[in-house]
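J.: Structure incoming, see below.
The values are calculated or read from the model by the stated rules, or taken from the named source; none is laboratory data. Computed from a predicted model, the values in this text were never measured in an experiment. Heads up, the Cβs are rebuilt from the backbone with ideal geometry, glycines too, and the neighbour counts pull from every protein chain shown.
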2 protein chains.
Amino acid sequence: MSEIPITSESKSQPVIAIVGAGFGGLAAAKGLRKQNARVVLIDRTNHHLFQPLLYQVATATLAPADIAAPIRQVLARNKNTEVILAEVRGIDRDRRQLLLDVAGHGEETLSYDYLVVATGVRHSYFGHEEFAKNAPGLKALTDATSIRARILKAFEMAESEPDARRRQQLLTFVLVGAGPTGVEMAGAIAELRRFTLRREFRRIDPNYARIILIEAGPRVLATFAPDLSSKAEKRLGQLGVEVMTNARVEDVDETGVTIGGRKIESRTVIWTAGVEPSPAAAWLAAAPDRAGRVKVQQDCSIPGHPEIFVVGDTSNFEENGKPLPGVAQVAMQQGRYVAKVLRARLQGRTPPGPFRYFDIGSMAVIGRGFAVLEVGKIRLRGYPAWLIWATIHLAYLAQFGNRLRVLTQWAWTYFTHQSGSRLIVEPLTETPRAKSSSA
Amino acid sequence: MSEIPITSESKSQPVIAIVGAGFGGLAAAKGLRKQNARVVLIDRTNHHLFQPLLYQVATATLAPADIAAPIRQVLARNKNTEVILAEVRGIDRDRRQLLLDVAGHGEETLSYDYLVVATGVRHSYFGHEEFAKNAPGLKALTDATSIRARILKAFEMAESEPDARRRQQLLTFVLVGAGPTGVEMAGAIAELRRFTLRREFRRIDPNYARIILIEAGPRVLATFAPDLSSKAEKRLGQLGVEVMTNARVEDVDETGVTIGGRKIESRTVIWTAGVEPSPAAAWLAAAPDRAGRVKVQQDCSIPGHPEIFVVGDTSNFEENGKPLPGVAQVAMQQGRYVAKVLRARLQGRTPPGPFRYFDIGSMAVIGRGFAVLEVGKIRLRGYPAWLIWATIHLAYLAQFGNRLRVLTQWAWTYFTHQSGSRLIVEPLTETPRAKSSSA
């Protein structure tokens, strides 16, 4: 094990290590451009992922490359920033050292002066890890391509299945959890079934596929206003999605899910129910909240360690006695804020006041041309909300040069109903990747 | 094991089974549209792959979805055609039965009246299967994404490699075989190094990467006229590719290749040297030629079995005492021809005369804006040849609705040098897929 070498010109500079190139980490790195510091951004993939559109990869509308940008490319002009493809193994707070597993090199250490932890969340089975095998979740690109293969293979297998009951199992898609991801996926599978796959099968009619959205709580999109929830539910019904609320999943196996002792037979169950934070609290030996997130102070640092910041979904920032929601906007704004704090410290200026979250609202899209949108007291639904949704998402992707591709693809799909990326890329004989990678 | 069920309306129709949805199989299926027959197209993937552009996926210019179209979508309007996701396990000529491994169902049989085998080739190590692990070849989409990950990871690993010698190993890319694939990949890696990755690394300069193209024969692009070979070689030199001709690879291990007793150290060796046919000859108990291809008669059927046709790369059709080359055009023309023969037989008409190959020439592209092209006695090189190459390839992709995407991407890459799909999608900790899938 050795210390990661540094370039000669940066030896006298303070080192700012940022772990995670999601919305939070990337915003922090960008905010430190031109600072007299050596910024080291660590991620276990080579790309920044636009997670809000990941469900469109899982449902074959967009290709992986449409929503992922190489981190190096995004930060090419940040001359003070290095990117390292590595996974965090541990953090030594007292020695100010990261223990990394660097791609191709094994364990190495990295000494830092400042540390920004932005490692996000992974999907959670709330203690039922045995569900993972039969109900994959959606967080990384590999999850999305693996779920895409499962959905497409289910139609393929149904086409050559002589037994009626097994055929119906194959044509039943269950989504567990009716938050934005569950609702958006349900809508997207409904459109795939109704339009994209239409006329392509000879023995089955994809329209007979059932899509069941299961929610433990009393309504879909629980974080939205109740009237938007009911609008969303109505729209899902129009698309042919069966919504079951107040339904708690008791078991998941390879033939379906059990709810209230009753079995819903399905060969494709997708877990959209919940997330748990990265092990940041354990790495930092910091006090976690009940959900496992690191509690942070008003400047996003952890108590007793003003040099360590935790931002985004893996942190718990309390505002008015409640933690901020785990959404992209919080992570981005916190990342930007921490960069501002660090700029002030590096330049010996007075640091800014406490972090304040500016809520720009939330959105969920349900099929083609329909979305719900809530900004403070403003609530919108239907086509206008969808246009706003599409514009905002394109504007964000534009930063990474993916706008043209996504715009082209969306326009194409919108008018032709042809998917952008309907590929099963796994060899037939191989175990689906989801089984091993999400276990 | 059971017989694949047939739809009730097709029980009285003759069954035409087509194995393989490459250029040959797809052309045959398309040519049988509107015939009073049940056409069953079997492939082990769900997509038709435009192999001539596969190297652009391996070098991160195009995304997999840009060059792959779902077979069902392509044939949606062929109402008499079913598509089955399955692998062939064997063929019983006498009982006219295919033994298939159907996705999700295991072994099933399919009885046919006519059979078209179009199963193509895979890359070959000429008896050195032990090379496969360290020198992956390029035939399927998974090969391309796995090679893409290897190339990109080599740059990532070099960036954090303190040892100069290992760093140079990581920055040395060896291509074994200077046919069109080897030449095109060498050009594409050269551009990736010189333009796309420029300014993105802090410790290495991607420009110092070596690209070595090794050819056992006396010149690159041996199937082209000698003056085009030398033009191509000159262009490769301008791009910084080192070409070694008359060089036979004696060994490949994880640290490089051995040629004439001398070791070239490299951590990324790619096999572009040769192909071998699918096991069609063994399935059919038919006489193979020395390369393992099935010898076919003047109507592409095999001796003694007028109901069995073999087309494309896996067949040997002799014209003027020489087998036709293993290129897309031969497969497409043979597929179309066999459909014509079958149409005549189904309708009780006189079948057409022997198959005649119409050579529309060959092309290879070497980096941005340069290609060589040979049609009969016409030879072109440079930008005009590249424009023709781009037009023809776009025209072909247009049939599958991918034209807009590819055109957008090429235009974007041409002007910005930004790659379309520079993703490493494998988890860091997992063994690269190439190791297991190409072994």
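J.: Here are the criteria: (1) at pLDDT below 95; (2) under 30 Å from residue A:303 (Cβ atoms); (3) crowded, with 24+ Cβ neighbours inside 10 Å. Tell me which single one residue A:70 does not satisfy.
T.: So the condition that residue A:70 fails would be (2).
J.: Additional query: Given the stretch B:51-103, what strands (runs of 3 or more DSSP E) lie entirely inside it while holding 3 or more residues that are in contact (Cβ under 8 Å) with a residue 24 or more places away in the chain, at the interface with chain A (Cβ under 9 Å from one of its Cβ atoms) and touching a helix residue (DSSP H, G or I) at 6+ places or on another chain (Cβ under 7 Å)?
T.: B:81-92
J.: Which residues, counting only those in the stretch A:104-151, are outside any strand (DSSP E or B) and among the aromatic types (Phe, Trp, Tyr)?
T.: Passing the criteria: A:112, A:125, A:126, A:131.
This table checks each residue for (1) under 25 Å from residue B:55 (Cβ atoms); (2) touching a residue at least 24 places away in the same chain (Cβ under 8 Å); (3) part of a loop (DSSP other than H, G, I, E, B).
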| residue | (1), (2), (3) |
| --- | --- |
| B:330 | yes, yes, no |
| B:333 | yes, yes, no |
| B:336 | no, yes, no |
| B:341 | no, yes, no |
| B:344 | no, no, no |
| B:351 | no, yes, yes |
| B:354 | no, yes, yes |
| B:363 | yes, yes, no |
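J.: Let me ask something additional. Of B:274, B:261, which residue is modelled with pLDDT under 95 and within 28 Å of residue B:316 (Cβ to Cβ)?
T.: From the options B:274, B:261, the qualifying one is B:274.
J.: Which condition from (1) surrounded by fewer than 20 Cβ atoms within 10 Å (Cβ to Cβ); (2) within 12 Å of chain B (Cβ to nearest Cβ); (3) farther than 18 Å from residue A:3 by Cβ is the one that residue A:106 breaks?
T.: Evaluating residue A:106 over (1) surrounded by fewer than 20 Cβ atoms within 10 Å (Cβ to Cβ); (2) within 12 Å of chain B (Cβ to nearest Cβ); (3) farther than 18 Å from residue A:3 by Cβ leaves (3) as the failure.
J.: Test residue B:123 against the stated conditions and say whether it is within 24 Å of the chain's Cα centre (by Cα), under 23 Å from residue B:62 (Cα atoms) and either of a type in the set (Asp, Glu) or more than 13 Å from every other protein chain (Cβ to nearest Cβ) (or both).
T.: yes
J.: For the stretch B:299-307, indicate whether the set of residues that are assigned by TED's automatic domain parsing to the domain that holds residue B:12 and among the hydrophobic types (A, V, I, L, M, F, W, C) is non-empty.
T.: Taking every residue of the stretch B:299-307 in turn, at least one turns out to be assigned by TED's automatic domain parsing to the domain that holds residue B:12 and among the hydrophobic types (A, V, I, L, M, F, W, C).
J.: Within the stretch B:220-233, track down each residue that is out of contact with any strand residue (DSSP E or B) (no Cβ under 7 Å at 6 or more places or on another chain) and either surrounded by 20 or more Cβ atoms within 10 Å (Cβ to Cβ) or without any contact (Cβ under 8 Å) to a residue 40 or more places away in the chain (or both).
T.: B:226, B:229, B:230
J.: Something else now. Look at the stretch B:347-383 and say how many of its residues are farther than 21 Å from residue B:332 by Cβ and surrounded by 13 or more Cβ atoms within 10 Å (Cβ to Cβ).
T.: The qualifying residues number 10.
J.: Just to be sure, is residue B:308 farther than 20 Å from residue B:33 by Cα, touching a residue at least 40 places away in the same chain (Cβ under 8 Å) and surrounded by 22 or more Cβ atoms within 10 Å (Cβ to Cβ)?
T.: no
J.: Give just the number: which of (1) touching a residue at least 24 places away in the same chain (Cβ under 8 Å); (2) facing chain A (nearest Cβ under 7 Å) does residue B:48 not satisfy?
T.: (2)
J.: Another one. Which one of these does residue B:235 not meet: (1) part of a strand (DSSP E or B); (2) over 22 Å from the mean Cα position of the chain (by Cα)?
T.: Condition not satisfied by residue B:235: (1).
J.: Scan the stretch B:152-188 residue by residue and report those that are charged (D, E, K, R), more than 26 Å from the chain's Cα centre (by Cα) and more than 9 Å from chain A (Cβ to nearest Cβ).
T.: B:163, B:165, B:166, B:167
J.: Consider residue A:251 carefully, then state whether it is surrounded by fewer than 20 Cβ atoms within 10 Å (Cβ to Cβ), touching a Ser or Thr at 6+ places or on another chain (Cβ under 7 Å) and outside any loop (DSSP other than H, G, I, E, B).
T.: In short, yes.
J.: Next question. What is the one condition in (1) free of Cβ contacts under 8 Å to residues at least 40 places away in the same chain; (2) at positive phi that residue A:290 does not satisfy?
T.: (2)
J.: Please enumerate the residues belonging to the stretch A:275-323 that are in contact with a Cys (Cβ under 9 Å, 6 or more places away or on another chain) and assigned to a strand (DSSP E or B).
T.: If the condition is that a residue be in contact with a Cys (Cβ under 9 Å, 6 or more places away or on another chain) and assigned to a strand (DSSP E or B), then A:309, A:310, A:315 are the ones that fit.
J.: Here's a follow-up. Quick check on residue A:36: is it within 15 Å of residue A:82 (Cα to Cα), over 17 Å from the mean Cα position of the chain (by Cα) and at pLDDT 90 or above?
T.: yes
J.: Next question. Which of the numbered conditions does residue A:21 fail, given that it passes all the others? Conditions: (1) assigned to a loop (DSSP other than H, G, I, E, B); (2) out of contact with any Leu (no Cβ under 7 Å at 6 or more places or on another chain).
T.: Status for residue A:21: all satisfied but (2).
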